[in-house]
């Protein structure tokens, strides 16, 4: 998965949840390829910092503070991006929250549902606003940042796992619906990354100590910097992985290897394979 020589000069990207962590890393890396990057998140100061980091590296970016569940605000973001940069070529739906930690019988139902609002309704609203432009161009790519939690049990973070499972399956449906317009849609699972979200998941007092210990050990043993996950998004944006349109792409298994297995007819139904939790 070599992204060193990719040049996306003149193309336009919109990245949600870009004020920190994986979203910020994705925005910075896309700008390094020459893309004009519009970024959005709820926190203005942190979002401005992302733009400053991009511009300090000779990139071009603009910030639109907003909540992805606010449809009028999202419509203004898309219109503003079109006005200042041009039609959107790449949408990265990254904005997400961990949801309500703890056993379901003790969780607040509104807090539990808020994860569904941000993690699945948000991508739907942003995609709904962006897609007419992509359909008119008859091209475009959407990367929905999912998680291995989409197919693995996490009993004390059920709102997060449910939202990521919904996001992944919606991705498959959206890919089929937009295929005739030349649009590619991917559900992308980054590697385990030490971010503010995983910090919450590993330290919340609402989680059993045994669960926190497992998460802490995993972060210490396997966590990668957000930049590693950003490379996968850049690769998907390049068109080199378009054969995986409509599939769940887990960077841990190697995108090139997944392409090879799909093209050779071995395990063509990659999502079913991954639901079973194996790649061999």
- Message: For the condition closer than 21 Å to residue 253 by Cβ and modelled with pLDDT under 95, what is the one hit in 203, 171, 161?
- Response: 161
- Message: Under 7 Å between Cβ atoms, which residue pairs at least 6 apart in sequence (or on different chains) link something in the range 230-250 that is on the phi > 0 side of the Ramachandran plot with a partner that is not in a strand (DSSP E or B)?
- Response: 246/172; 246/175; 246/176
- Task: Considering only residues that are without any contact (Cβ under 8 Å) to a residue 40 or more places away in the chain and more than 14 Å from residue 139 (Cβ to Cβ), look in the range 156-185 and name the one that is surrounded by the fewest Cβ atoms within 10 Å (Cβ to Cβ).
- Result: 173
- Message: Let me confirm something: among 130, 145, 126, which residue is closer than 22 Å to residue 193 by Cα, at pLDDT 95 or above and under 16 Å from the mean Cα position of the chain (by Cα)?
- Response: 145
- Test residue 31 against the criterion of being buried (at least 24 other Cβ atoms within 10 Å of the Cβ), on the phi < 0 side of the Ramachandran plot, touching a helix residue (DSSP H, G or I) at 6+ places or on another chain (Cβ under 6 Å) and not in a helix (DSSP H, G or I), and give yes or no. no
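The values are calculated or read from the model by the stated rules, or taken from the named source; none is laboratory data. Quantities reported herein were computed from a predicted structural model and do not represent experimental measurements. Backbone-built Cβ (ideal geometry, glycine too); neighbour counts: all protein chains shown.
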